[in-house]
Amino acid sequence: MSTYADFHQRSLTDRDGFWGEQAQLVDWKVPPQQICDYSNPPFAKWFVGGITNLCHNAVDRHLATRPDQAALIFVSTETNQEIVYSFRELHAEVQRMAAVLKDLGVQKGDRVLIYMPMIPEAAFAMLACTRIGAIHSVVFGGFASGSLASRIEDAEPKVVVSADAGSRGGKPVPYKPLLDEALRLSKYKPEAVLLVDRGMAAMDLVAGRDHLWGALREKNLNTVVECEWVDATHPSYTLYTSGTTGKPKGVQRDTGGYCVALAASMKHIYAGNAGETYFSTSDIGWVVGHSYIIYGPLIAGMATIMYEGLPTRPDGGIWWSLVEKYKVTVMFSAPTAVRVLKKQDPALLTKYDLSSLRALFLAGEPLDEPTAQWISTGLGKPIIDNYWQTETGWPILSLCNGVEKAVSKFGSPGKAVYGYDVKLLDDQTGEELKGANQKGVVAVEGPLPPGCMQTVWRDDERFVNTYWKSVPGRLVYSTFDWGIRDADGYYFILGRTDDVINVAGHRLGTREIEESISAHPNIAEVAVVGVADQLKGQVAMAFAVLKNASLITDEASALALEAEVFKLVDRDLGAVARPARVRFVTVLPKTRSGKCLRRAIAAVCEGRDPGDLTTMDDPAALQQIKDLISA
Ligand code: AMP
């Protein structure tokens, strides 16, 4: 058996040989003629000439060998439902959804926007899209009308699939009014809206536009919809993610490369086997949900648990009870969720039989050492931190225990994953930092491996300029994260190089939040920064300058205005983006050229040294923030 170092090396030096072998993990209607076409950097085309289908690989392919095995296990502690769909049943439901979408006019290449809670129909809709060659664009259910509208405008979906409501902590959260408002705001209007009625919130249906899934499903109980065989490079989905501008980017993913990358990752990284159960606690609105609730486990022939609910309801043992009940072998969650569980009775960690579980994978945000230590000791299982991004679709850094067992180092997401030529670069000179423990920008030399973003939806230029031109003098993919690598090749991630923040594993652009707050009639200017938080990793803090400062006369009026701002952000972006606090100042710290010193503000909020302030225009500005924080 080869060592992991050899395995990784070969993935770079014999790229075609390596990925040609991985491609055999999936079904092809026509096998690829060329493994990687990198004739037009940084655009990589993987498995050129290959013809396949993602839904076939996730569902149909398993009908011959495991038709009655569980495929999708839906558990809702919000509605107290538990439904197990076998591969055969999932196949039937996906075809029904595909038939309905086709009836509503969806064709190959059309977009379908999915704005759904964590219910099985969301999975059916995603799989139905890839089945018929439509491109899905899932928008996280926690986003509100403004965020949704901007995504609808960019994706131009033929159909939007949604539901009457989600639920949180046992209380319904209506979706339809948010969707209606988004459709009103959006200049682009989809032809049809397909709605799942869970009977949780009343819906006003728009005649001619809105359709109910229940009734249309009934009409298609036995409709057969064959898979539409598509080129490996055909887009399977777009997923919007925040960046440094207010406008979210549609990360575009292919079909064949994604399918191979996921199949390979299930073998080499997650080490899950067909017939076993995978449990990812993420949401379908995030990339983890796409790759490791829906496609990855199903492609591997595993059952996947789709969980709607809180990790602490009915109590903090709920997830472990599911591990016991469904004999979960591989589990995937986020550090924030573990920090939430840390506040619960530790006896809950040992109450259930977890003997089936081989490892707990954590990703999405930095995993602090005490949290890693706590959960690892509590469960007595390996904890595997893995680092990646919406853009890559699967891990950049991890341990690959399916190739060679390695020890975790707390605080490190491990080594460069096969296929990724990871480099640390000097952000000023672009020079590669080869020595141990030097801090640089984590970058990946092209081509990006299969499964990574093809481009920004309808904006090749933005793809190149944003991701490939940020390091001086080189065409290299920037992750916009700082990192160091120790002498053993383990990386440590040290935070973002840009204005993106990470709240409870949710990636948020501070500019989007600033834009929303600036819409308040009495706010002249605002800066939003990410500040370290014990539970959520980071929280957003806003500092605003008022147009009419005399409106704030005392603490009560400041709190009232703060509440107005919260409402505005909730309405535009969703509570997920709401800052922890909005503080009012008379001036923001800026350089003499007018650039807001967000990093200095964040440093002051965290009690750190704000660094070099020689270019600062008005030193009193930072002092005001210091005074507010310490008050
Ligand atoms: P997203 O695209 O929402 O998955 O966010 C990606 C960003 O989350 C990365 O660029 C990192 O800043 C952060 N991130 C993800 N996984 C990890 C990890 N394991 N350790 C540290 N940061 C992480």
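Rule-based calculations on the coordinates, nothing more; no lab input. All of these numbers come straight from a predicted model, not from anything done at the bench. All Cβ positions, even for glycine, are placed from backbone atoms using ideal geometry, and neighbour counts span all protein chains on display.
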- Over the Cα atoms of region 3-52, Rg to Rh with Kirkwood Rh, two decimal places? 1.02
- Would you mind checking the radius of gyration and Dmax of the chain based on alpha-carbon positions, in Å? 24.1, 73
- Using +1 on the beta carbon of Lys and Arg, -1 on that of Asp and Glu, and nothing else charged, what's the dipole of region 158-254 about the Cα centre, debye to 20? 440 debye
- Item | Efficiency of FRET from Cβ geometry, Ala64 and Ser518, R₀ 56 Å, rounded to 0.05 | 0.45
- Item | Distance in nm between pseudo-label sites at Tyr188 and Ala207 (7 Å out along the Cβ direction from Cα) | 2.9 nm
- Task: Determine the distance separating the Cα centre of region 482-506 from the Cα centre of region 77-96; give it in Å without decimals.
- Result: 38 Å
- Which Cα, out of Pro382, Val287, Val422, lies furthest along the positive dipole direction of the chain (beta carbon charges, K/R +1, D/E -1)? Pro382
- Task: Whole Å is fine, so just give me how far the alpha carbon centre of region 553-618 lies from that of region 160-182.
- Result: 31 Å
- How long is the gain from Thr614 to Glu218 if the chain were fully straight, where each residue apart is worth 0.36 nm and the alpha carbon distance is subtracted? 135.6 nm
- Item | Cα radius of gyration and Dmax for region 343-413 (Å) | 13.1, 38
- Query: Once every DSSP H run of n ≥ 4 in the chain is given -39500 (n - 2.57) and the sum is divided by its residues, what mean residue ellipticity at 222 nm do you get, rounded to the nearest 500 deg cm²/dmol?
  - Reply: -8000 deg cm²/dmol
- Task: Take peptides 104-110, 193-199, 297-303, 557-563 and line them up by average Cβ neighbours within 10 Å, highest first, as a rough protection proxy.
- Result: 297-303, 193-199, 104-110, 557-563
- Task: List every residue whose amide H lies under 5 Å from the amide H of Val161, counting only residues 5 or more places away in sequence or on a different chain, with H placed 1.01 Å from N in the peptide plane.
- Result: Leu113, Ile114, Tyr115, Leu194
- Message: Above 15 Å lies some portion of the pair distances; for region 174-225, what is it as a whole percent of all C-alpha pairs?
- Response: 54 percent
- Task: Would you mind calculating the gained length between Lys108 and Glu181 on full extension (0.36 nm times residue separation, minus the Cα-Cα distance), in nm to one decimal?
- Result: 23.5 nm
- Query: Tell me, what is the Rg over Rh of region 136-188, with Rh the Kirkwood radius over Cα pairs?
  - Reply: 0.97
- Message: If you split all Cα-Cα distances of region 13-93 into 10 Å bins from zero, what percentages do you get per bin, shortest first?
- Response: 16, 31, 24, 19, 10, 0
- Proportion of all alpha-carbon pairs of region 464-515 beyond 15 Å (%): 61 percent
- Message: Just to compare against my own numbers: the Cα pair-distance distribution for region 383-539, 10 Å bins, whole % per bin, please.
- Response: 10, 34, 36, 16, 4, 1
- Taking N as the residue count of region 454-548, its alpha carbon Rg divided by 2.2 N^0.38 Å gives 1.37
- Between Gln81 and residues 5 or more places away or on another chain, the pairs with built amide H atoms under 5 Å apart involve Ser76
- Query: Quick one: length gained pulling Gln428 to Leu310 fully straight, 0.36 nm per residue minus the C-alpha distance?
  - Reply: 38.1 nm
- Message: Above 22 Å lies some portion of the pair distances; for region 305-424, what is it as a whole percent of all C-alpha pairs?
- Response: 35 percent
- Item | Euclidean distance between Cα centres, region 324-358 to region 402-425, Å | 24 Å
- Hey, what's the Cα Rg ratio for region 209-277 versus the globular rule of thumb, 2.2 N^0.38 Å? 1.64
- At q = 0.29 Å⁻¹, base-10 log of I(q)/I(0) for region 305-354 (Debye sum, equal scatterers on each alpha carbon): -1.40
- Query: Looking only at Cα atoms, what is the convex hull volume of region 488-543 per residue, in Å³?
  - Reply: 93 Å³
- If the convex hull of the alpha-carbon atoms of region 332-375 is projected onto planes in all directions, what is the mean projected area in square nanometres? 3.2 nm²
- Which of the chymotrypsin sites (Phe, Trp or Tyr not before Pro) found in region 378-485 are in a DSSP loop and have at most 12 neighbouring Cβ atoms, other than their own, within 10 Å? none
- Within the chain: Cβ-based charge dipole about Cα centre, in debye rounded to nearest 20 (Lys, Arg +1; Asp, Glu -1): 220 debye
- Note on the structure: For region 396-485 the trypsin sites (Lys or Arg not before Pro) that pass both the DSSP coil test and the at-most-14 other-Cβ-within-10 Å test are Lys405, Lys434, Lys439, Arg458, Lys469
- Message: Could you tell me which residue out of Gln81, Val59, His8 lies farthest along the dipole of region 1-89 toward its positive end? Charges go on the beta carbon: Lys and Arg +1, Asp and Glu -1, centred on the Cα centre.
- Response: His8
- Query: Dipole of region 276-369, Cα-centred, from +1 at each Lys and Arg C-beta and -1 at each Asp and Glu C-beta, to the nearest 20 debye?
  - Reply: 140 debye
